[in-house]
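Peer 1: Have a look at this one before I ask anything.
The values are calculated or read from the model by the stated rules, or taken from the named source; none is laboratory data. Source: prediction; values computed, not measured. Cβ sites come from the backbone with ideal geometry, for glycine too, and all protein chains shown count toward neighbours.
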Amino acid sequence: MTGPERTALYRLYDAKNRLLYVGITTDPKQRWKQHAYFNGDTWWPSVASQTVEWFSDRNAAERAETRAIEGERPLNNRSKVPAGRPVAKWVKPDVEVEDDRGTPLYLRVAKAIKVDIQTGLYPAGSRFLSGRAVARRYGLSMPTVYKVLRSLADDGLLEKLAGCSGYRVRDLTEDR
């Protein structure tokens, strides 16, 4: 159902200010009761705070909700997919990246990987993780992974392998 009805976009956070869930509704308090009692949302007891942003119509709220889910990656949302297709839950990343909302996610992940390269977690000369492995490890979409890899290559930390897909970790001592 879509229409001109005033609709709220809400975000639910835990005590560590991690984003647990993003949703839309015309009645936030009633919707939160549904989360608590009817949906079997096992994460609900972790909710410590919430924010509410109102939109003049449901269509605008739905667009904002999609942007928020895709960009902010709440821990407990399901992805929006066309009807009839399976719904996949966002995968919790293996590695948590510094939460700095002022810096794009791909730059925060690139910074974390740069530290890992400099400390030897990814040795010089070794083949770097596949794009899918980076996506799983850091909880990223593939377009964001490509931005991360491009950024690391531009910074001279990774080298694109010739004739095949993938990257090699550059030997940082070669430039000295």
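Peer 1: Can you tell me which residue in segment 114-132 is farthest from the chain's Cα centre (by Cα), limited to those that are in a helix (DSSP H, G or I) and not basic (Lys, Arg)?
Peer 2: The residue in question is Gln118.
Peer 1: Of the numbered conditions (1) within 23 Å of the chain's Cα centre (by Cα); (2) farther than 23 Å from Asn17 by Cβ, Asp57 fails exactly one; give the number of that condition.
Peer 2: (1)
Peer 1: List pairs: first residue in segment 17-36 and in the same structural domain as Asp57 (by TED's automatic domain parsing), second residue among the β-branched types (Val, Ile, Thr) anywhere in the structure, Cβ distance under 6 angstrom, at least six positions apart or on different chains.
Peer 2: Qualifying pairs under 6 Å: Val22/Ile69; Ile24/Thr7; Thr26/Thr7; Pro28/Val52; Arg31/Thr25.
Peer 1: Anything in segment 24-66 that is among the acidic types (Asp, Glu), at pLDDT 85 or above and either touching a Pro at 6+ places or on another chain (Cβ under 6 Å) or not in a helix (DSSP H, G or I) (or both)? List them, or say none.
Peer 2: Selection gives Asp27, Glu53, Asp57.
Peer 1: Here's another thing I want to ask about it. Taking into account only those residues within segment 141-157 that are surrounded by 13 or more Cβ atoms within 10 Å (Cβ to Cβ) and without any contact (Cβ under 8 Å) to a residue 40 or more places away in the chain, which is farthest from the chain's Cα centre (by Cα)?
Peer 2: Ala153
Peer 1: Do any residues in segment 40-67 that are surrounded by fewer than 13 Cβ atoms within 10 Å (Cβ to Cβ) and among the hydrophobic types (A, V, I, L, M, F, W, C) have Cβ atoms under 7 Å from those of residues that are at pLDDT 90 or above and assigned to a helix (DSSP H, G or I), where the two are at least six apart or on different chains, and which pairs are they?
Peer 2: So the pair list comes out as Val52/Pro28.
Peer 1: Turning to a different aspect of this structure: Just to be sure, is Ala135 at pLDDT below 85, surrounded by 16 or more Cβ atoms within 10 Å (Cβ to Cβ) and in a helix (DSSP H, G or I)?
Peer 2: yes
Peer 1: For Arg73, work out the one condition from (1) at negative phi; (2) surrounded by 14 or more Cβ atoms within 10 Å (Cβ to Cβ); (3) modelled with pLDDT of 65 or more it doesn't fulfil.
Peer 2: It is condition (1) that Arg73 fails.
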